[in-house]
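Readers should treat all values here as calculations from the given coordinates under stated rules, not as data from a laboratory. Worth saying up front: this structure is predicted, and the values here are computed from it rather than measured. Reconstructed Cβ throughout: ideal geometry from the backbone, glycine too, with neighbour counts over all protein chains shown.
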Amino acid sequence: MRAALLTLALATLAGCASSPRNQSASEPFESTRPSTESRFIEVFPHVRLDLASRTIEIDARIATDMHDPQTPDVYLELIACSPDSREHEALVVTDARPSHIHAALLMLGLEPGSPGRFELADGSLRAIPPTGPPLEVHFRVPPDGGAALVPPENWIEVLPDRSTLGPQQWVFAGSAIRRIAGQERYWADLEGTIIGLTTFGSEVISPLAMHHPDSMIQTPSFLARNPSIPKFAAPVAIIIRSSEDRSEP
């Protein structure tokens with residue numbers, strides 16, 4: 001399956017070299033791409049890539065209603081997810097397939113690491129942090145007259161004092177391959193876990209800071225900072241840029 005993802009990435013990149021950018025006809029929401037940007041090419045549905053800046057952008061939308069007075073506290077476990085997965089606890093949802101996002105990151109020349117996980121050792125729970133090349137993650141929100149880049153941390157507050165989540169270190173963890181009914185499957189395609197916040201172990205992109213998803217083990221502490229977040233289903237672009245140092249030693 002890993003070889004298949006690499007083959008898909010290389011074949012798509014070769015095709016893009018000779019093809020103009022093609023906006024997906026099936027895109028169900030407004031594009032958030034500024035008109036001045038012309039270096040991005042669509043490599044998969046809802047996924048565009050700019051090799052020069054080592055950046056990908058992904059069409060997304062606000063995943064749930066953060067402004068419903070009946071549910072003022074929206075607990076979060078993910079930054080970004082797939083439809084019909086964990087929208088109720090994610091900031092944004094995207095129709096882009098997690099495996100396509102993985103392949104686009106491969107096209108930037110990045111090698112995935114591994115997601116974080118928790119293991120029992122000598123009767124205690126041990127956290128094994130995620131690994132992978134470093135990434136910068138932002139949202140691009142199209143306000144009147146332009147587009148602003150916003151760190152996802154700005155939309156999250158942390159209990160008990162509801163302070164804004166500090167800057168996170170993000171890595172290309174690369175999810176994992178699982179054999180289901182005799183077939184290899186990309187785990188994030190099954191789970192919908194694209195950009196993590198708590199540590200499920202199946203994320204494509206993970207923060208280095210780990211938080212257990214079981215509330216019996218670790219109390220949930222991430223809430224949506226509601227006033228900062230656009231309305232439900234508003235279009236947002238996820239901007240992911242490699243921050244890997246590629247300078248010669």
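The lone criterion from (1) more than 21 Å from Ser243 (Cβ to Cβ); (2) in contact (Cβ under 8 Å) with a residue 24 or more places away in the chain; (3) surrounded by 16 or more Cβ atoms within 10 Å (Cβ to Cβ) left unmet by His211 is number (2).
Counting residues in the stretch 91-103 that are surrounded by fewer than 20 Cβ atoms within 10 Å (Cβ to Cβ) and either at positive phi or not in a loop (DSSP other than H, G, I, E, B) (or both) gives zero.
Remark: Pro69 matches the filter, which requires a residue to be more than 18 Å from Ile238 (Cβ to Cβ) and not β-branched (Val, Ile, Thr).
Go through the stretch 152-168 and give me each residue that's of a type outside the set (D, E, K, R), in contact with a Pro (Cβ under 9 Å, 6 or more places away or on another chain) and surrounded by 15 or more Cβ atoms within 10 Å (Cβ to Cβ).
Applying the first criterion (of a type outside the set (D, E, K, R)) to the stretch 152-168 yields 152, 154-156, 158-160, 163-168.
The next check asks that each one be in contact with a Pro (Cβ under 9 Å, 6 or more places away or on another chain); those that pass are 159, 165, 167-168.
Hits for the stretch 152-168 are Leu165, Gln168.
Do you know which residues across the stretch 220-245 are in a loop (DSSP other than H, G, I, E, B) and either in contact (Cβ under 8 Å) with a residue 24 or more places away in the chain or crowded, with 19+ Cβ neighbours inside 10 Å (or both)? Pro220, Ser221, Arg225, Ile229, Pro230, Lys231, Phe232, Ala233, Ala234, Ser243, Glu244 - these are the residues of the stretch 220-245 that are in a loop (DSSP other than H, G, I, E, B) and either in contact (Cβ under 8 Å) with a residue 24 or more places away in the chain or crowded, with 19+ Cβ neighbours inside 10 Å (or both). Can you say whether Ala209 is of a type outside the set (D, E, K, R) and not in a loop (DSSP other than H, G, I, E, B), as far as the supplied structure shows? Here the answer is no, as Ala209 does not meet what is asked. Applying the condition of being surrounded by 15 or more Cβ atoms within 10 Å (Cβ to Cβ) and polar (S, T, N, Q) to the stretch 170-196 and asking which residue is nearest to the chain's Cα centre (by Cα) yields Thr193.
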